[in-house]
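For reference, the structure discussed in these notes is given below.
The values are calculated or read from the model by the stated rules, or taken from the named source; none is laboratory data. Nothing here was measured: the structure is a model prediction, and the numbers come from that model. Reconstructed Cβ throughout: ideal geometry from the backbone, glycine too, with neighbour counts over all protein chains shown. SASA here: full protein model, heavy atoms, side chains in, ligands and nucleic acids out. Shrake-Rupley method; radii C 1.70, N 1.55, O 1.52, S 1.80 Å.
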Amino acid sequence: AEQLDKIQEDLNTEIRLIIDDINDAASKISNLNMKIAGVEGTGDMANDLIDERNNLLDKLSKLVDIDIIEKNNGMVDITLGGVLLVNGTKTNQMVADYNGPQSNFLTAKWKKDNPEEQPVVQLKSGTLKGLIEARGDVLGFKGSIENGSLPKEVDDVDYDSTTDLYTFDPDASS
C-alpha cells in the first residue's frame, strides 16, 4: 500500500507540473497573439512569431486535447473542453485542486476567485488525462476502499456519511 501511495503522490506532483506548463504555454501564446496582431496590422509578416506560437501549440496539444480557432487578425483562440483557454490576448488559468472533500488526488480545475466554484476541466486526451487516469481518478483518500485499499477484515470497514466513503484503519491487525 505504501508503494501505491508513493506512486500516487508522484503522479500528483506530475499533474501539478503539467498544469503549470499548460498555464505557461497559454500565457506565452496570448502574448505572441498580441505581437503577431501588431506586426500583421502594419502589413508585415510575423513568420518568426508565428513559428514560435506554433511550437507552443504543438507542445500544448500533446499535454491536453485542444481546439484552435484562427482569427482574421493573426491571433488564435484555444478551447479546452469547450472553455476558452486562450481568447486573443487573454487566458483562463487552470489550477491543480483536490477532486473532492478529504481527497488526496489532484485534478485540473478552472481558476475562479471562489475556490468552491472552480469547475473541473473536461479532458478528452493528452498527457494530463493520462496522468490522472494512471494515478486513479477516484474520490478516495489513503486508507479508503475507493482508493483501492483493502481492509484485513470486513468488520474493520466503517461508512462515513459526511464524505459518503467507506473507510478503515489500514494498520488494524486482524
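At-a-glance table
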| item | result |
| --- | --- |
| Residue among 44, 24 that is at pLDDT 95 or above, surrounded by fewer than 17 Cβ atoms within 10 Å (Cβ to Cβ) and farther than 12 Å from residue 131 by Cβ | 24 |
| Scan of segment 30-74 for residues that are in a helix (DSSP H, G or I) and β-branched (Val, Ile, Thr), ordered by number | 36, 39, 50 |
| Residues of segment 108-127 satisfying the condition of being under 18 Å from residue 66 (Cβ atoms), touching a strand residue (DSSP E or B) at 6+ places or on another chain (Cβ under 9 Å) and polar (S, T, N, Q) | 122 |
| Residues of segment 103-118 classified as more than 20 Å from residue 7 (Cβ to Cβ) and touching a residue at least 24 places away in the same chain (Cβ under 8 Å), total | 1 |
| Close pairs (9 angstrom Cβ cut-off, 6 or more residues apart or separate chains): over 21 Å from residue 84 (Cα atoms) in segment 30-52, among the aliphatic types (A, V, I, L, M) and not in a helix (DSSP H, G or I) anywhere | 38/46; 39/45; 39/46; 40/46 |
| Given (1) open to solvent by 80 Å² or more (accessible area, probe 1.4 Å); (2) out of contact with any Leu (no Cβ under 7 Å at 6 or more places or on another chain); (3) part of a helix (DSSP H, G or I), number of the condition residue 101 does not satisfy | (3) |
| Residue 130 being closer than 28 Å to residue 70 by Cα and either out of contact with any Cys (no Cβ under 8 Å at 6 or more places or on another chain) or not aliphatic (A, V, I, L, M) (or both) | yes |
| Hey, residue 31 of a type outside the set (Val, Ile, Thr), within 30 Å of residue 107 (Cβ to Cβ) and open to solvent by less than 70 Å² (accessible area, probe 1.4 Å) or not | no |
| Given (1) among the aliphatic types (A, V, I, L, M); (2) buried (at least 17 other Cβ atoms within 10 Å of the Cβ); (3) in contact with a Ser or Thr (Cβ under 7 Å, 6 or more places away or on another chain), number of the condition residue 95 does not satisfy | (3) |
| Residue within segment 79-90 that is on the phi > 0 side of the Ramachandran plot and without any contact (Cβ under 8 Å) to a residue 40 or more places away in the chain present | no |
| Of the criteria (1) buried (at least 17 other Cβ atoms within 10 Å of the Cβ); (2) part of a helix (DSSP H, G or I), which one residue 109 fails | (2) |
| Hits in segment 1-21 (condition: open to solvent by less than 60 Å² (accessible area, probe 1.4 Å) and either over 18 Å from the mean Cα position of the chain (by Cα) or aliphatic (A, V, I, L, M) (or both)) | 5, 11, 15, 18, 19 |
| Filter result for residue 44 (more than 30 Å from residue 104 (Cα to Cα) and of a type outside the set (Gly, Ala, Ser)) | yes |
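Results for (1) more than 26 Å from the chain's Cα centre (by Cα); (2) buried (at least 17 other Cβ atoms within 10 Å of the Cβ), shown as yes or no for each residue.
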residue: 54; (1), (2): no, no
residue: 67; (1), (2): no, no
residue: 72; (1), (2): yes, no
residue: 78; (1), (2): no, yes
residue: 81; (1), (2): no, yes
